[in-house]
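The values are calculated or read from the model by the stated rules, or taken from the named source; none is laboratory data. Since the model is a prediction, treat every value here as computed from it, not as a measurement. Neighbour counts are summed over all protein chains in view; Cβ atoms, including those assigned to glycine, are modelled from backbone coordinates with ideal geometry. For the accessible areas, the whole protein counts, side chains as well, though only heavy atoms, and no ligand, DNA or RNA atoms are used. Shrake-Rupley method; radii C 1.70, N 1.55, O 1.52, S 1.80 Å.
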Amino acid sequence: MIVYAVLTLGFSVGAILGDEEPVAYQVFRKAGDIMIGGLFPFHTTVNDLDNYWKPEPLTCSSLNPTGFLQALAMQFTLEEINNSTTLIPGWTLGYEIYDTCLNTLTCLHPVLLLLTKNGTERVEMKCNLTDYKTRVISVIGPSSNEVATVTMKLFGAFLVPQISYSVTSDVFSDKTVYPAFFRTVPSDSKQINGMIDLMRCFKWNWIAVVASDDDYGTTGLQQFSSSAMGKGICVAYEGLISKTLSSSETNTIIEDILDKIAQADVNVVLVFASLTHSIALFEEVIMRNMTKVWIGSASWVLSEDILSMPGIEHIGPVIGFFPNAHYVVGFDEFIKNVISQIYPSQSALMSSSLGTSEGYQNIDLKPDIISSILSPLTSLHAHSVYTAVYAVAYALHSLLNCTFIKCNNQGSNLYAWKLLEEVKKVNFSIFNTSFRFDSYGNPNTGYDIVTHSISELGFSIIGSYNMELTLNSSLINWGTKQNLVPVSQCSGDCLPGQIKRVKGTHSCCFDCIDCQEGLFQSSGDDFQCQSCPAGQWSSVRSISCSYPTYLYLQWSDTAVICLLFVSFVLLCFVLGTLILFFNHRHSPLVQASGGYMCFFALTSLVAVLSSMVLFIGKPVYLVCLVQQPFLAMSLTCCLSTFSIKALQVMLVTDFKGVPTKYIQWLKTTGTWVSLLSGILIQGLFCIWHILSMVNTPQSNEVTFLYKYLKCEISNVLDFFLMFGYNGLLALISFMLNCVAQAPPGQYNLARDITFSTLSYLLIWIVFVPAYAEVTDGSQSLLQMAVTLISSFGIMVGYFAPKCYILLFNPQMATEEYFKIYIN
């Protein structure tokens with residue numbers, strides 16, 4: 001069963017474009033073998049909509065130069081195609097172009113007319129429309145999102161391919177809702193992504209946005225806000241300009257918006273608004289002498305009305321996005337010919353390429369409108385229409401199976417839905433650039449990035465965007481000292497190695513916090529410090545971790561060389577003394593000084609000096625086990641001889657009543673018993689130290705970047721007991737002899753013991769606090785130095801005077817002079 005819905009529409013073959021004419025008659029028309037429809041905003045105002053109470057014809061006013069220009073671009077392109085003998089040879093393209101008045105109500109009448117069955121004035125709604133031929137096979141337009149929402153659903157029901165030259169909303173990319181929609185300008189999402197990349201390029205993250213309170217503005221605002229948030233850009237303020245308010249109410253809203261922008265302390269403002277609202281906004285901006293960086297959308301940034309505003313050059317840099325456009329050769333001359341037909345007195349501008357003058361005689365072009373139409377920007381507005389018409393032509397070329405000579409299809413299958421399939425596949429070259437649609441009906445073109453400038457055109461192209469940003473920022477006049485890029489940030493950039501601690505509700509407002517040791521700031525995370533991997537570490541405020549560097553005392557270090565030299569000299573002194581004493585081992589001096597205990601003490605000092613090599617080089621486990629015990633035991637062996645000798649001296653000088661047998665025992669068997677007892681006690685401390693190191697678990701955890709390797713002291717107590725015990729031996733020796741009386745006419749052996757042990761005590765007393773204060777790298781050096789100095793003190797205090805007597809005053813080395821210590 002077939003259901004018919006018949007609509008009779010008034011239609012005039014004579015095309016009339018008056019300023020107060022019914023919508024249905026506001027049409028440019030030219031017959032052709034194949035008809036193409038056009039929807040353009042010739043006017044911007046629908047009269048008396050508030051009194052529209054019965055369906056009478058509507059009238060429009062306020063001629064729109066851009067809409068008129070774009071309609072002429074469609075005429076020009078179709079004439080150019082018809083004059084071509086290679087694209088659709090043997091076929092002519094006709095057109096019917098209607099005025100939308102930028103209103104959804106006024107556009108319904110022409111849309112229904114374009115959907116009438118070919119050759120009739122009736123719209124037939126059948127269950128099956130595959131054999132239904134509409135009045136036009138394709139439609140160019142409309143220009144606004146609001147009008148497109150209505151028209152696209154109607155054309156989509158008949159699958160009439162509709163190619164818009166300026167609709168940018170991403171809503172229309174949904175093919176389930178708008179199956180027949182295409183466009184020759186990029187979608188808003190691409191423009192918004194370009195704007196975000198531009199802001200990130202200049203490190204702007206504190207932005208104000210002003211938008212129209214309509215589909216175009218609110219959708220753009222929503223897309224920008226959601227995308228910007230994920231890219232670290234914060235919208236400090238959002239302002240909407242309502243389209244339903246009166247002029248005075250709109251001005252009040254704009255004043256409030258600009259007040260809020262000033263309070264938000266932003267330097268960059270994105271204006272995603274209609275041309276009308278943008279003009280009202282910048283009129284107030286100029287009045288306030290407000291200076292910002294203005295980021296503009298394609299709807300207004302290259303409008304002649306904006307570029308020609310007095311004072312627009314003083315509001316700060318204007319940077320905007322405009323669909324890639326090229327100069328359309330011959331279109332300027334075509335426009336001049338149209339104007340000359342409207343004003344016959346300008347006959348010098350006539351051109352035979354125009355074809356027909358029908359349709360222009362009632363157009364009331366005022367001088368300011370003529371100026372806008374003849375602007376250098378003319379071709380920019382024509383480009384997208386020019387491309388749209390050629391897309392239809394190339395689709396027809398494929399549908400008609402055309403060659404450069406003829407078309408092989410007779411046209412029996414010229415259905416709109418078949419053309420739709422060909423439009424999807426078009427791929428042609430225009431302006432030396434390949435053009436095609438993607439699966440969503442969007443073009444493969446991008447945007448030019450422009451800035452207002454003092455030039456013939458009023459703007460300069462400074463870059464482009466088509467998924468990637470290309471920019472020459474040196475062409476921008478920032479209006480600042482040294483032409484520096486203005487800063488628009490809630491908080492300054494954090495230094496490397498710092499993370500952001502958000503304060504308030506905006507992620508762009510933050511404090512900068514240093515990442516601590518063992519943590520680092522990853523390039524992909526600005527809000528949390530990451531822990532270093534196992535085996536690595538970092539310093540404060542790091543952006544990466546690294547494996548630690550190990551340092552240790554090396555043989556080539558200057559300090560080590562100096563200490564080794566001193567040790568060698570002192571070792572020579574000790575060995576020389578040992579040889580000298582051995583050669584005079586039977587002399588009263590050597591016997592009085594301790595006899596064989598002197599050899600034991602000097603041998604112990606050789607061991608002490610030899611232990612210096614245990615502190616040099618990379619520490620290994622076995623060396624660390626014996627390092628401190630070997631040194632402590634060597635010192636114990638030496639100091640034990642002094643304590644025994646000090647006791648003997650005290651007894652023979654201050655306690656003369658002590659029985660001789662006790663003193664004799666102390667000089668013979670008691671000496672070695674005391675010596676071995678002292679060594680045994682130290683041996684217990686050394687064993688404890690070694691066992692504590694063996695039982696201490698070794699940690700492989702890295703908590704440092706640089707570490708000075710030395711043998712670690714795992715137990716401070718046993719370390720203290722080992723060297724504290726040596727200090728106790730020295731203290732006992734000192735206290736036993738510090739008040740000993742020197743025998744008359746005898747050598748003062750108590751003095752030698754006192755000075756040598758006192759020097760040892762003083763040096764090691766200084767060592768304890770110094771060792772705790774110095775760094776790891778200096779602790780080993782300090783202990784080596786203290787050991788050498790204390791050894792030097794023992795040699796100078798005890799052995800040097802005796803060497804002097806043996807070498808330079810041997811007559812004093814008599815039994816008489818040392819008899820009290822011998823007998």
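Determine whether Ile513 is outside any loop (DSSP other than H, G, I, E, B) and of a type in the set (A, V, I, L, M).
Details: outside any loop (DSSP other than H, G, I, E, B): yes; of a type in the set (A, V, I, L, M): yes.
Answer is yes for this residue.
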Kindly check whether there is at least one residue in the range 325-333 that is assigned to a loop (DSSP other than H, G, I, E, B) and surrounded by 17 or more Cβ atoms within 10 Å (Cβ to Cβ). yes
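Just to verify a result, which residue in the range 191-201, among those that are farther than 17 Å from Asp265 by Cβ and more than 12 Å from the chain's Cα centre (by Cα), is surrounded by the fewest Cβ atoms within 10 Å (Cβ to Cβ)? Even if it seems obvious, please write down each step before you answer.
Residues of the range 191-201 farther than 17 Å from Asp265 by Cβ: 191-198, 200-201.
Imposing the further condition that a residue be more than 12 Å from the chain's Cα centre (by Cα) reduces the set to 191-198.
Numbers: Gln191: 26, Ile192: 25, Asn193: 20, Gly194: 22, Met195: 29, Ile196: 21, Asp197: 15, Leu198: 22.
Here the answer is Asp197.
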Residue that is most open to solvent (accessible area, probe 1.4 Å), among those in the range 156-176 that are out of contact with any Pro (no Cβ under 8 Å at 6 or more places or on another chain) and under 12 Å from Leu420 (Cα atoms): Phe158
Residue that is farthest from the chain's Cα centre (by Cα), among those in the range 725-781 that are closer than 27 Å to Ile805 by Cα, small (Gly, Ala, Ser) and surrounded by 17 or more Cβ atoms within 10 Å (Cβ to Cβ): Ala740
Just name the residue that is modelled with the highest pLDDT out of those in the range 207-251 that are β-branched (Val, Ile, Thr) and open to solvent by 40 Å² or more (accessible area, probe 1.4 Å). Thr218
Just to be sure I understand, how many residues within the range 569-589 are over 23 Å from Ala785 (Cβ atoms) and either in contact (Cβ under 8 Å) with a residue 12 or more places away in the chain or assigned to a loop (DSSP other than H, G, I, E, B) (or both)? 10
Quick check on the range 617-636: of everything there that is of a type in the set (A, V, I, L, M, F, W, C) and farther than 28 Å from Ala800 by Cβ, which residue is farthest from the chain's Cα centre (by Cα)? Val626
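Residue-by-condition table, conditions (1) part of a helix (DSSP H, G or I); (2) closer than 27 Å to Asp188 by Cβ; (3) within 54 Å of the chain's Cα centre (by Cα):
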position: Ala71; (1), (2), (3): yes, yes, yes
position: Met74; (1), (2), (3): yes, yes, yes
position: Ile81; (1), (2), (3): yes, no, yes
position: Trp91; (1), (2), (3): no, no, no
position: Glu124; (1), (2), (3): no, no, no
Looking for whichever is closer than 29 Å to Thr184 by Cα and part of a loop (DSSP other than H, G, I, E, B) here; the options are Ser455, Ser464, Ser491. Which one fits? Ser455
Taking Phe600 as the residue in question, decide whether it is under 18 Å from Ile679 (Cβ atoms) and either surrounded by fewer than 16 Cβ atoms within 10 Å (Cβ to Cβ) or not small (Gly, Ala, Ser) (or both). yes
For the list (1) open to solvent by 30 Å² or more (accessible area, probe 1.4 Å); (2) touching a Gly at 6+ places or on another chain (Cβ under 6 Å); (3) of a type outside the set (Val, Ile, Thr), I need the number of the one condition that Gly296 fails. (1)
Criterion (closer than 29 Å to Ile561 by Cβ, exposed (fewer than 15 other Cβ atoms within 10 Å of the Cβ) and either modelled with pLDDT under 90 or not polar (S, T, N, Q) (or both)) met by exactly one of Tyr708, Tyr662, Tyr621: Tyr621
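Looking at the range 414-426, which of its residues are open to solvent by 20 Å² or more (accessible area, probe 1.4 Å) and touching a helix residue (DSSP H, G or I) at 6+ places or on another chain (Cβ under 8 Å)?
Matches in the range 414-426: Leu414, Lys418, Glu422, Lys425.
Here is a yes/no grid of residues against (1) modelled with pLDDT under 90; (2) under 48 Å from the mean Cα position of the chain (by Cα); (3) surrounded by fewer than 17 Cβ atoms within 10 Å (Cβ to Cβ); (4) outside any helix (DSSP H, G or I):
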position	(1), (2), (3), (4)
Asp525	yes, yes, yes, yes
Arg541	no, yes, no, yes
Phe565	no, no, yes, no
Val613	no, no, yes, no
From the options Gly441, Gly446, residue that is within 43 Å of the chain's Cα centre (by Cα), more than 26 Å from Leu129 (Cα to Cα) and crowded, with 17+ Cβ neighbours inside 10 Å: Gly446
Condition first: open to solvent by less than 10 Å² (accessible area, probe 1.4 Å), part of a helix (DSSP H, G or I) and at pLDDT 90 or above. Can you find one or more residues in the range 806-813 that meet it? no
Quick test of your reading of the structure: Gln741 fulfils all but one of (1) part of a helix (DSSP H, G or I); (2) of a type outside the set (Lys, Arg); (3) under 29 Å from Val652 (Cα atoms); (4) touching a residue at least 40 places away in the same chain (Cβ under 8 Å). Name the failing condition by number. (1)
Please go through the range 62-78 and pick out each residue that is open to solvent by 20 Å² or more (accessible area, probe 1.4 Å) and in contact (Cβ under 8 Å) with a residue 40 or more places away in the chain. Leu63, Pro65, Thr66, Phe76
Can you tell me which residues in the range 408-417 are at pLDDT 90 or above and out of contact with any strand residue (DSSP E or B) (no Cβ under 7 Å at 6 or more places or on another chain)? Tyr415, Trp417
Looking only at the range 119-147, count how many residues are in contact with a helix residue (DSSP H, G or I) (Cβ under 9 Å, 6 or more places away or on another chain), within 23 Å of Leu396 (Cβ to Cβ) and not charged (D, E, K, R). 11
